[in-house]
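Colleague: Attaching a single structure in structure tokens format; questions to follow.
The values are calculated or read from the model by the stated rules, or taken from the named source; none is laboratory data. The structure displayed is predicted, hence computed values, not measured ones. As a convention, Cβ positions derive from the backbone with ideal geometry for all residues, glycine included, and neighbour counts pool all protein chains shown.
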Amino acid sequence: MQSTTSRLLARSASTFAQTGARQTVEIVQLPKPMIPSLPFVPPPRWAALIPGRLDKAFPAFPRHRGILFLKALIHPSYTTESATGGTMASLCPIGQAVLQHSIQCAVANAAARSGGANLNPKRLAQDICTEETLSAVLKGGWGLDDLILTDAVIKEVRDARTSKGLLRMSAFRTTIPISYHRLCVQAFVGAVYLDSGLDAAMRFVNSHVIPPAIDYLVPQ
């Protein structure tokens, strides 16, 4: 009797483990988190620019929850510490993990196809993830660096009531730290992942991160 009970318990535990593992894989592949609204109101004119600019930068990638991509462009300095959940800070950790995973997979596949000749996968993956390279991706590849929302940019926007003010704002934006650019790229990858799943995020990295990164690292 005890042996039969033990076998039943073991079988139930195995079934539960398999079901749990399958559900975990499904969640990782296609997460469906609840996305709360922003805890603050971004500038309406700025928010109105985003859809068109994203359509131009990423024409082949549909966006189901636009709020994720607004968050990817808002630096934590724009708001208070208690509201950073509405900024890129909430997307960067998962975005960084997905970005590194996607790049490593792509580089490994490229190395396998080329027989590894003149290709150091680990070094190339590290080079792509540097601040300088991801800054080049955001600026040269996507052309979205001027949309990063920070406290200082908003001040400049409010002051830009004359052509001189607009020039000051343009000059300021060239001085935004490249660490902000890196965070923005990571946040975008995280936004795509939470919006459309792991496969879509990896396609996004392969299409919109790696090519401009390679162009920067290996100029023609």
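Colleague: Against the conditions (1) part of a loop (DSSP other than H, G, I, E, B); (2) aliphatic (A, V, I, L, M); (3) surrounded by 14 or more Cβ atoms within 10 Å (Cβ to Cβ), where does Val41 fall short? Just the number, please.
Modeller: (3)
Colleague: Restricting to the stretch 44-65, give me the number of residues that are farther than 25 Å from Pro177 by Cβ, surrounded by 15 or more Cβ atoms within 10 Å (Cβ to Cβ) and without any contact (Cβ under 8 Å) to a residue 24 or more places away in the chain.
Modeller: 0
Colleague: Only one of Val107, Val137 is over 18 Å from the mean Cα position of the chain (by Cα) and assigned by TED's automatic domain parsing to the domain that holds Asp199. Can you tell me which?
Modeller: Of Val107, Val137, the one residue that is over 18 Å from the mean Cα position of the chain (by Cα) and assigned by TED's automatic domain parsing to the domain that holds Asp199 is Val107.
Colleague: More than 18 Å from the chain's Cα centre (by Cα) and touching a residue at least 12 places away in the same chain (Cβ under 8 Å): is that true of Ala72 in this structure?
Modeller: No.
Colleague: From the list Ser196, Ser207, which one is surrounded by fewer than 16 Cβ atoms within 10 Å (Cβ to Cβ) and under 14 Å from the mean Cα position of the chain (by Cα)?
Modeller: Testing whether each residue is surrounded by fewer than 16 Cβ atoms within 10 Å (Cβ to Cβ) and under 14 Å from the mean Cα position of the chain (by Cα) leaves just Ser207.
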